[in-house]
Amino acid sequence: MKNQRIKKRAIVIFVALVCFFAVSAGEAEAQTLFGDINKTVSLTSTPRIPGSNEEVLIEINSVLANLGTSLITWYVNDRIVLSGYGEQRISVRTGNPGSASVIRVSILSAGSVLEASMVIRPTIADVIWEADTYTPPFYRGKALPSTESKIKLWAVPDIRSDSGARVSSNNLVYEWRINGLPVREISGYGKNAAFIQSGYLGQSNVAEVVARTSDGVISASGKSYYQIVEPWLVFYEKNSLTGILFNTMLGNDVRLSKGDSIILRAVPYFFDRDALQGSNAAYTWKLDRDIIDRGTSPSYEISISSGENAAVSGITVEYDIDIEDRLLQSASQKINVRYDE
Amino acid sequence: MSDKKEIGRKILVGVIILLAVVALALIIYGIFVVSSGDELPSPLGAGEGDGGEDAGGIVEDGGDGTGPFGDIPGVPSGGVPSGVSDAGDGTLPGTPSGGVGPGSGAGVGSDFEIPRLRELSDVPTAGVYAFADEGVIFTRFLTRERGHIFEARMDDTRLRRVTNTTIPQIYQAMWTNSEENLVLRYLENGTEQVETLLARIIPAEEGGAEGRVEGILLPQGVEEIAVDEEGGEIFYLLPQGNGVVGYITDINASKQKKVFESPITEWIPQWTKSGDIILTTKPSANILGHAYFLDVKNGELERILGNEPGMTALVNPDGTRAIVSRNTRGGFETLIYDIKEATLDPIGIKTLSEKCVWSRVDATIVYCGIPVSIPRGDYPDSWYQGAIVLSDGLWRIDTELGTVKFLLSLNEVDIASLSISPNDEFLYFINKRDLSLWSYEL
């Protein structure tokens, strides 16, 4: 009798233990199962490296098949910005460099809550370029690149650490690309400025840079486009009292009263500066197609007088610049000077 | 006896009739002949010095006493006698220049009403500055030909020459924080080297009529300048090596502080009333432009706005907004950028920011010259090069309410260098077509 009681107790204890472990195993299995699901939910941003004050698309990246029927709630800096069934993406506007936007998503699926988050820290890397071509004094516009002229590139990054402090541009690693191709010679640590050759007429080009912290954790990207143009010659009037009248370009014709004179000033926009100063440049003035002056040094001015010869109604003035050993570094311009009676 | 009386009576009647006829003739003369008037000579007289060739320049103080009176564009001239002599105290009666707007029209003597639109100078002008003295607004301007400085009272038509120091062919003149201090920019004789003179006006000695200009030259080749209209300092960009260095100095060049360094040399600087230095990349039609605050403590650039094609920008005095123009296909459009909110919004007008000036009393108000039409071109390049000439009207824009108000129609004026007096009393602009100087009373 006593043994039967002990047997019964043993069986009860055994069954209880079996039940306990079975449940525990089940629970563990369930936990493991949900834990795996959590790891399959993540967020992606487009663009991948957001800049400042721009719209960024955040999307859920998940293998779950029932996202479309799940209640999804989006938070930006702990504030609900969107909540609804199947809301798998939101658009967020970044702030200035140094700011941080904490994006969190909560997914209610099959009675369980899944979450994922990311932090967006906008960065900037402006690309500014400058062509080494001619523009006149006091000109407020940009010098444009002509064929085979030099171009200077400069990256202006703004990358902030977690503390908000700006990382010095000298302490970043730069990767430069021209028309999609990496240019290793000008890339590297601290290399935020570089010289390149411009390219050929009509070509549209893009200069890109990615600037990264030394540990590669934070990066910024930027690009700028430039198009190669033809250099060109224009005429301005040079007034003997007030100087060169850059405010108004002379057109194809200019009129002179009888007895008057005019000084024409030629301006060679966007010629390569080195080519203009080189020994292979030829500068030619023509009057009614006759060469009156030709030399290798710049002579940008000519004085035209109406004269007293009533039979002459005007004259055509032409100025040419030709750089012999440089492709497409040449231009010509004409102007008709009409004498009023 | 009665015959004598009759004869006497007839004589008396004849004399009365004769007097009446003479009086009537004088009245007719006063109304019709004087009112129609002859064309008035230029307000700034014949050409300076040299053989008297009429180049529309300033009258030398050669003692001939001829005062300047102006051609009055667009106004039926009248009522003002020509050839008024120099008053003998160094003042020259200015032209009661006409123009459109209320109060225009001729008058004689002290009853003359000053028109709202005035041509202050019909000769090329390099810069202008307005200041208040005992409640009166004065305007100083510098003529390009000889660098002489003139001053106009805005409450009457008097004009006087402040300095007669000759510095030929001044291209740019910028006053700093007082009517005595300015920066002059010109080309070294026969070259394209830019000279920059930090200048001070030395007032006339007691009993003298005119002062002189003294100054210190900065190194040759300064690319661009911005002046602090509050503190009087000057920021300038000087090419060094393969790039440019930015310095801050005072009008005496007694201190030079390096605050910026860049491999890029093409910047347009601006110094706001709030003390910020802004650097904007020089624009071209299809090229993305950027504008930055310059931190003068560490030389770093903090982006205000970027990646806008053909961008030009003018920041308001308190550094909170900018009027921005950017290139569109063959033209341009204008927007307002809220710097704090980082929002860029169109305001329904099309102009270049160089044609605008912010109010000095309300940081949300901006005045602009707006082209009546926009010829197809690459902007702003074509305008900078002088290849395209525009014709503008004058407008007031409230950037807070988003409203625009038409102020004035102008005849063949391409507004450049728009500026404003200390409390928004007057607008000033140079007509890019002929570099003449105008004022408009707001």
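The values are calculated or read from the model by the stated rules, or taken from the named source; none is laboratory data. Since the structure is predicted, the reported quantities are computational estimates derived from the model, not experimental observations. All Cβ positions, even for glycine, are placed from backbone atoms using ideal geometry, and neighbour counts span all protein chains on display. Only protein heavy atoms, including side chains, enter the accessible area calculation; ligands, DNA and RNA are left aside. Shrake-Rupley method; radii C 1.70, N 1.55, O 1.52, S 1.80 Å.
Annotations
- Computed over protein heavy atoms with a 1.4 Å probe, the accessible surface of the stretch A:198-244 works out to 43 Å² per residue.
- In Hz, Karplus ³J(HN,Hα) per residue of the stretch A:176-185 (6.51, -1.76, 1.60; θ = phi - 60°; x = Gly, Pro): 9, 9, 10, 6, x, 9, x, 10, 5, 4
- Ligands, DNA and RNA left out, the accessible area of the stretch A:228-341 computed with a 1.4 Å probe is 43% carbon and sulfur.
- Spin-label pair residue B:202/residue A:64, simplified geometry with 7 Å Cα→Cβ offset, distance in nm: 8.4
- Drop in accessible area of at least 40 Å² in the complex versus isolated chain, residues of the stretch A:95-128, 1.4 Å probe: A:126, A:128
- Along the axis of the charge dipole computed for the stretch A:232-339 (Cβ charges of +1 for Lys and Arg, -1 for Asp and Glu, origin at the Cα centre), the listed residues A:297, A:311, A:268 are led at the positive end by A:311.
- Once the Cα gyration tensor of chain A is diagonalised, semi-axes √(5λ) in Å: 78, 20, 15
- Whole-number percent relative contact order across the stretch A:38-120, with pairs defined as alpha carbons under 8 Å at least 6 apart: 32
- Hydrodynamic analysis of the stretch A:38-120 uses the Kirkwood radius over alpha carbon pairs. Inserted into Stokes-Einstein at 20 °C and 1.002 mPa s, it gives a translational diffusion coefficient of 165 µm²/s.
- Residues along the stretch A:136-171 losing 50 Å² or more of accessible surface when the other protein chains are present rather than the chain by itself (probe 1.4 Å): A:137, A:138, A:139, A:140, A:142, A:152, A:154, A:166
- Given charges at Cβ of Lys, Arg, Asp, Glu: chain A dipole, positive-most of A:197, A:169, A:282: A:169
- Under a model in which nothing but the beta-carbon of Lys, Arg (+1) and Asp, Glu (-1) is charged, the stretch B:303-442 shows a dipole of about 300 debye around its Cα centre.
- Charge dipole magnitude, Cβ of K and R +1, D and E -1 - the stretch B:260-383, Cα centre, debye nearest 20: 360
- Bridgeable lysines around residue B:258 (alpha carbons under 23 Å apart, same-chain partners fewer than 8 residues away excluded): A:152, A:191, B:273, B:282, B:297.
- Between residue B:6 and residue B:412, the distance separating the two model label sites (each 7 Å from Cα on the Cα→Cβ line) works out to 6.9 nm.
- Residue A:170-residue B:297 pseudo-label distance in nm [points 7 Å out on the Cα-to-Cβ vector]: 1.9
- Shielded by partner chains, the stretch B:372-389 residues - at least 30 Å² of accessible area, 1.4 Å probe, vs chain alone: B:384, B:385, B:386
- Take every Cα pair under 8 Å whose residues are at least 6 apart in sequence, average their separation, divide by the length of chain A, and the relative contact order is 12 percent.
- Accessible surface, per residue, of the stretch A:38-120 when the full set of protein chains is kept, probe 1.4 Å, Å²: 52
- Global form of the stretch A:232-339, assessed from the alpha-carbon gyration tensor, a/c cut-off 1.5: prolate
- Assigned charges on the beta-carbon of Lys, Arg, Asp, Glu; chain A dipole about Cα centre (debye): 2660
- For the residues of A:246-252, the average number of beta carbons from a partner chain within 10 Å of their own beta carbon is 5.
- Compactness relative to 2.2 N^0.38 Å, alpha carbon Rg of the stretch A:124-227: 1.16
- Solvent-accessible area, 1.4 Å probe, carbon plus sulfur percent, for the stretch A:38-120: 49
- C-alpha long axis of helix A:2-39 to longest principal axis of chain A, angle in °: 10
- Anisotropy class of the stretch B:290-409 from Cα gyration tensor, a/c 1.5 cut: oblate
- Per the accessible-area calculation with a 1.4 Å probe, the total area buried between chain B and chain A rounds to 4100 Å².
- For residue A:286, the lysines whose Cα falls under 24 Å of its own Cα, not counting residues fewer than eight places away in the same chain, are A:238, A:258, A:334.
- Cα gyration tensor shape of the stretch B:225-325, rounded if a/c is under 1.5, else prolate or oblate by comparing a/b with b/c: oblate
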